[in-house]
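The values are calculated or read from the model by the stated rules, or taken from the named source; none is laboratory data. Keep in mind the model is a prediction, meaning the values are calculated, not measured. Glycine also receives a Cβ, built like all others from the backbone with ideal geometry; neighbour counts cover every protein chain displayed. Protein only, heavy atoms only, side chains kept; ligands, DNA and RNA dropped before computing areas. Shrake-Rupley method; radii C 1.70, N 1.55, O 1.52, S 1.80 Å.
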Amino acid sequence: MMARKIQLSRLLDKWVILIFLIMIIFGWFNVYGASYGFHQTNFWGFEYRSGKQLIWIACAFVIGGIILLLDSKYYEQLAYIFYVAVLFLLAITIFVAPNIKGSHSWLVFGPVSFQPAELAKLATALALAKYISHPGFSLSKREDAMWVFSIILVPFILIVLQSETGSALVFLAFFLMLYREGLPGIFLLIVACLILLFLIVLPLSEVPIYSNVGSLGFLLALSIIYVIEIGAIIAYERDWKLVRYFALASLVLFGIGLLLQNWYNIVFDKISLVLVIASSLYLLFLFLFKRKRSYLWIGLFAIGATIVSFSGDYFFDHVLEQHQRTRIAVVLGMENDPRGVGYNVNQSKIAIGSGGFWGKGFLQGTQTKLKYVPEQDTDFIFCTVGEEYGFVGSAVVLVLYVLLLFRLIKIAESYRDTFTRVYTYSIVSIMFFHVVINVGMVLGLTPVIGIPLPFFSYGGSSLWSFTVMLFIILRLDVSQKLRFR
């Protein structure tokens with residue numbers, strides 16, 4: 001047993017351990033700084049959040065040690081069992097969890113609360129790694145692709161039913177891992193285009209093109225779709241004759257629109273709609289006769305993107321909750337709500353801006369000490385970093401995350417073991433999503449969706465889940481080193 005411990009300690013990735021310890025310690029100081037009050041006299045008091053966080057940190061070290069001592073084969077063997085058990089727990093949570101800030105996602109056991117959605121990320125990563133590591137797996141096979149997407153979507157839907165949209169959106173990060181495993185880049189490009197169209201149409205749908213006529217949002221969106229359509233034809237088919245036809249059709253229709261607008265009030269967004277629909281149908285017609293699948297996919301993309309553009313308002317008004325609509329509207333500049341939903345973001349930006357280059361110093365931040373920023377030790381912990389340690393401290397935190405993610409990617413690419421690679425890339429994707437969205441919402445660049453900053457935000461659920469995710473990678477890495485020694 002002693003020899004095994006010595007062997008483990010020698011083979012553990014020292015850089016990952018070092019970065020983890022720095023983040024844990026720095027994160028605790030920021031939790032203390034964010035929760036500190038002028039009346040507080042006990043630095044270690046367990047009645048304060050900083051004291052409770054020490055308990056979570058101590059437990060995290062114990063959990064990490066247990067994970068390292070377990071045989072790595074268990075993580076692969078028990079992946080499906082763990083995944084099904086977590087799905088059952090997610091389903092139960094919908095019905096038994098109390099209403100906490102509008103969501104039913106926390107299980108409460110006396111003074112301790114726990115969020116099963118954190119476990120779901122780990123369970124999904126293990127299940128995906130297990131399935132993708134099967135011999136003969138390929139995303140180009142319909143059955144394999146359906147199973148992979150189902151593994152991701154089932155927990156996503158269960159978490160959405162808990163009204164915990166922020167945690168559910170994290171599952172979209174798994175598609176970054178799938179890109180590494182063979183998912184065509186065109187799918188990620190399509191998703192990015194659809195999001196772009198939504199962000200264009202939503203704030204500009206009510207902006208007229210001229211004289212209170214037409215919609216500037218729909219005109220821009222449809223024009224982008226048409227340009228992407230032509231670009232895809234050039235990229236995949238080199239059909240310059242068809243490109244000339246499409247370009248000529250657009251010039252003729254818009255020219256006619258310019259000539260007749262004073263007499264017939266021609267609306268340019270309607271012309272763009274005619275162009276996109278006509279070109280899409282023509283591409284589908286070409287597919288039927290030439291049997292070139294690229295024409296089919298380009299045509300279907302254009303039709304789907306058009307549907308997304310025109311259904312964006314309906315989705316925004318009827319699918320999203322009121323607080324979600326307000327958060328998105330504030331970020332996109334559609335509303336100004338400095339005393340409501342926009343209050344958190346405005347105060348966090350003030351806190352970060354007041355920190356300057358070097359920061360105000362530990363426990364010297366006025367915004368955090370006077371509790372101007374709500375949730376400043378959980379979702380908005382990064383504003384405490386910005387105020388007390390300034391630009392330099394914020395940059396150091398981001399550099400730590402970059403170093404950790406690149407180190408994990410190096411581990412993933414070091415071996416031929418598919419399970420280790422897929423699992424590691426899944427965790428890297430989850431961490432990357434958390435950091436980008438959390439820092440983005442604190443800076444007012446993304447909507448406030450309530451996801452923690454890994455290893456920094458207060459709370460046991462988040463800290464333990466990320467610790468387990470990270471230490472499983474370390475254990476798998478040790479196993480691979482032992483195998484190839």
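The table that follows gives values for the structure above.
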read-out	value
Residue under evaluation T124, criteria (1) out of contact with any Leu (no Cβ under 8 Å at 6 or more places or on another chain); (2) hydroxyl-bearing (S, T, Y); (3) over 18 Å from L172 (Cβ atoms); (4) modelled with pLDDT of 85 or more, criterion not met	(3)
Residue check for F357: out of contact with any Asp or Glu (no Cβ under 6 Å at 6 or more places or on another chain), under 17 Å from V439 (Cα atoms) and touching a residue at least 12 places away in the same chain (Cβ under 8 Å)	no
Criterion (closer than 16 Å to Y423 by Cα and either open to solvent by 10 Å² or more (accessible area, probe 1.4 Å) or at pLDDT 85 or above (or both)) met by exactly one of F187, F114, F174	F174
Filter result for Y131 (within 27 Å of R421 (Cβ to Cβ), among the aromatic types (F, W, Y) and crowded, with 17+ Cβ neighbours inside 10 Å)	yes
Residue count for the stretch 391-416, restricted to those that are part of a helix (DSSP H, G or I), open to solvent by 70 Å² or more (accessible area, probe 1.4 Å) and closer than 15 Å to K481 by Cα	2
Failed item, numbered, when L286 is tested on (1) surrounded by 12 or more Cβ atoms within 10 Å (Cβ to Cβ); (2) at pLDDT below 80	(2)
Selection within the stretch 200-225 - among the polar types (S, T, N, Q), modelled with pLDDT of 75 or more and closer than 11 Å to S309 by Cα	none
The one condition in (1) β-branched (V, I, T); (2) under 21 Å from L161 (Cβ atoms); (3) surrounded by fewer than 17 Cβ atoms within 10 Å (Cβ to Cβ) that I66 fails to fulfil	(2)
Close pairs from the stretch 426-454: first free of Cβ contacts under 8 Å to residues at least 60 places away in the same chain and of a type outside the set (K, R), partner surrounded by 19 or more Cβ atoms within 10 Å (Cβ to Cβ) and part of a helix (DSSP H, G or I), Cβ under 6 Å, at least 6 apart	V435/Y401; V439/F382
Number of the condition not met by A395 [criteria: (1) among the hydrophobic types (A, V, I, L, M, F, W, C); (2) in contact (Cβ under 8 Å) with a residue 60 or more places away in the chain; (3) at negative phi]	(2)
Of residues in the stretch 347-382 being outside any loop (DSSP other than H, G, I, E, B) and over 22 Å from L398 (Cβ atoms), the one least open to solvent (accessible area, probe 1.4 Å)	K369
Failed condition for M469, given (1) assigned to a helix (DSSP H, G or I); (2) open to solvent by 10 Å² or more (accessible area, probe 1.4 Å); (3) within 20 Å of I19 (Cβ to Cβ)	(2)
